[in-house]
Amino acid sequence: MAIFERILQLHTEMAEWRHDLHAHPETAFEEQRTAAVVAKKLESFGIGVHLGLGRTGVVGTLRAGSGNRAIGLRADMDALHIQEKNSFGYRSQHEGKMHACGHDGHTAMLLGAAKYLSETKKFDGTVHFIFQPAEENEGGGREMVEQGLFEKFPCESVYGMHNWPGMPVGQFGVRAGPTMASFDIFEIELTGRGSHAALPHMGVDQIVAASALVQALQTITSRNIDPIEPAVVTVTQVHAGDTWNVIPDTAVVRGTTRAFRPEAQDLIERRLRELCAGIAAANGAQVKVRYERRYPPLINAPLETETCTAVIEAMVGPENVLRVPPTMGAEDFAFMLQAKAGCYVFIGNGPGEGGCMLHNARYDFNDQILPLGASYWANLVEHSLAAKT
C-alpha cells in the first residue's frame, strides 16, 4: 500500500475543489451549493448519487466485482459561523462563515478517493461515499441515521477521518474504544426582581446569583466525578444587563459538558440541576434549566480499528501511527458508530500557518495532505473489499 500515483496526479485538482469549497462555506443544513458541487463531481465519475438524506446530505454508491460486502466512508461538508481573517485568494466570500475546521479538505479527499476508485475498481463489493451536513453542533449525522442511511445504503462498517493540526504531516492518530467525548449543552435562566444599582436591597440580584452559579458548577467535576474519569463542565456564555446603574431582572448562563460514559452524563446533569435549584433558592430567584444531550461519545470498534491501523502502517510505516489519547472534543460521527461498527482516525495537518488550530479565524486546511488522505480512503476500500484472485 502507498500513496497512489494516480491520486498524486489528482493533487492539483483536489486542491482546486477544496479552494472552491473554502471560498463558498455553508453552515449546518444550508449546504445546498456544496451538496450540488459534490453530486456533480460524483456523477461525472460515473457514481450513482442520492440527494436529500439529512436534508442536504449526499450519498454516492460505487460497485465493483460480484461481492456482496459493503462499507461506508464519511466526510463532513459544513462550515462554521466565524469571520475569516485570512487574506489569500480563496478566502470566504460569505460574511461571517468560514471553513475553520477543514471540512472542505475532508470533502475534497473523499472526492479524490471516489474518482480514483471509479477509475480503477480494484475492489470487490460496494462502497458508499457519505457526505454529511451539519456536523458542527446540529447533528447532521444523527439525522442521516434516523432517516434510514444504513437501511437505504447497507454497510457492514463505516469509517471517518479528521485532520489534526499539531500532528506532523505523514502521521495518523488511531485509538480503539472511547475516542471522543459526548457533547451536551445547558442554558440556565435566572429571574428575580430588577432594581436601581444604588438600591440593591430593593431587588433580587441575578448578577450575584449567576456568579455564584458559575463558581458552583466547577465543583461537579472537582468534587462529584471520580478524579481519574475525564469530564468537563464549561460555562461559555453569561448574559445579563445592558446599562451601568440597573440591576437586571434576568441572567442567562450557557455552556457545554463532556464525558465518556452515560453514567457520568447522568451525574453531571443531575448535579447541575440540583445546584441551579439550590443557588436560585438561596438568592431568592426563580430558575429555568434547559439541558440537551447533543452527541454521544465516539467509540471506535476494536476490529475495525485494527483494520485501519494495518492500512495506515502499510502506507506510512508503524512509526507514523500514533496511539492517541482520547479527546474531550466531540463528533456526531458517533451516531453512525452507534449504528454500525467502524473507526474514526486523525490525519496530521502539520503545525498550521502561525500555529493556528481548529476553529481559529486564520485556520486553513493543509493541501499537502490531500493525496495522503485520499490514498488512505482508497487503500482502506481495496483492503476491506479485496478483490477475489
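The values are calculated or read from the model by the stated rules, or taken from the named source; none is laboratory data. None of these values were measured; they are calculated from a predicted model. When we count neighbours, we look across all protein chains shown, and the Cβ atoms used for this are built from the backbone with ideal geometry, even at glycine. Note: accessible area is taken over every heavy atom of the protein model, side chains too, but ligands, DNA and RNA are not part of it. Shrake-Rupley method; radii C 1.70, N 1.55, O 1.52, S 1.80 Å.
Structure values in brief
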{"item": "Residue among A114, A374, A251 with the largest mean-square fluctuation in a Gaussian network model of the chain, springs linking Cα atoms under 10 Å", "result": "A251"}
{"item": "The range 305-347, accessible surface, carbon-and-sulfur percent (1.4 angstrom probe)", "result": "52 percent"}
{"item": "Solvent accessible area, Å² - D205, 1.4 Å probe, full protein context", "result": "40 Å²"}
{"item": "Karplus-derived HN-Hα couplings along the range 55-60 (A = 6.51, B = -1.76, C = 1.60, θ = phi - 60°), whole Hz, x at Gly and Pro", "result": "6, 10, x, 10, 10, x"}
{"item": "Calculated FRET value between H11 and T234, using beta carbons and R₀ = 41 Å, to 0.05", "result": "0.55"}
{"item": "Alpha-carbon centroid distance for the pair the range 272-289 / the range 91-162, whole angstrom", "result": "43 Å"}
{"item": "Crossing angle, helix 370-384 versus the chain [Cα axis fit, 0-90 degrees, rounded to tens]", "result": "70 degrees"}
{"item": "Given charges at Cβ of Lys, Arg, Asp, Glu: the chain dipole, positive-most of L21, I247, N137", "result": "N137"}
{"item": "Degrees separating the helix 262-282 axis from the principal Cα axis of the chain, which is the longest one", "result": "20 degrees"}
{"item": "A387 paired with S211, simple spin-label distance in nm, labels 7 Å along Cα-to-beta-carbon", "result": "7.1 nm"}
{"item": "Gaussian network model of the chain, Cα within-10 Å springs - most flexible of K288, K41, K122", "result": "K288"}
{"item": "0 to 90° range, to nearest 10: angle between helix 11-23 axis and the chain longest Cα axis", "result": "30 degrees"}
{"item": "Total formal charge among the other residues, if their Cβ is under 13 angstrom from that of G278, Lys/Arg +1 and Asp/Glu -1", "result": "+2"}
{"item": "Gap separating the Cα centres of the range 22-64 and the range 176-198, nearest whole Å", "result": "36 Å"}
{"item": "Dipole magnitude of the chain, debye to nearest 20 (Cβ charges: Lys/Arg +1, Asp/Glu -1, about Cα centre)", "result": "380 debye"}
{"item": "Net charge of Cβ neighbours under 15 Å - reference I47; Lys, Arg +1; Asp, Glu -1", "result": "+3"}
{"item": "Surface accessible to a 1.4 Å probe, per residue, for the residues of the chain, Å²", "result": "42 Å²"}
{"item": "Portion, in percent, of the accessible area of the range 1-49 that falls on carbon or sulfur, probe 1.4 Å", "result": "51 percent"}
{"item": "5 angstrom amide H check on E84, placed H, neighbours 5+ away", "result": "G96, K97"}
{"item": "Relative contact order (%) - the chain, alpha-carbon pairs under 8 angstrom, separation at least six", "result": "26 percent"}
{"item": "Calculated FRET efficiency for the pair K40/N68, C-beta based, R₀ 22 Å, to 0.05", "result": "0.15"}
{"item": "Set K85/K115; K40/K115; K40/K340; K152/K340; K40/K85; K41/K121 screened for pairs whose C-alpha atoms are more than 23 Å apart", "result": "K85/K115; K40/K340; K40/K85"}
{"item": "Carbon and sulfur %, accessible surface of the range 155-201 computed with the full protein complex present, 1.4 Å", "result": "58 percent"}
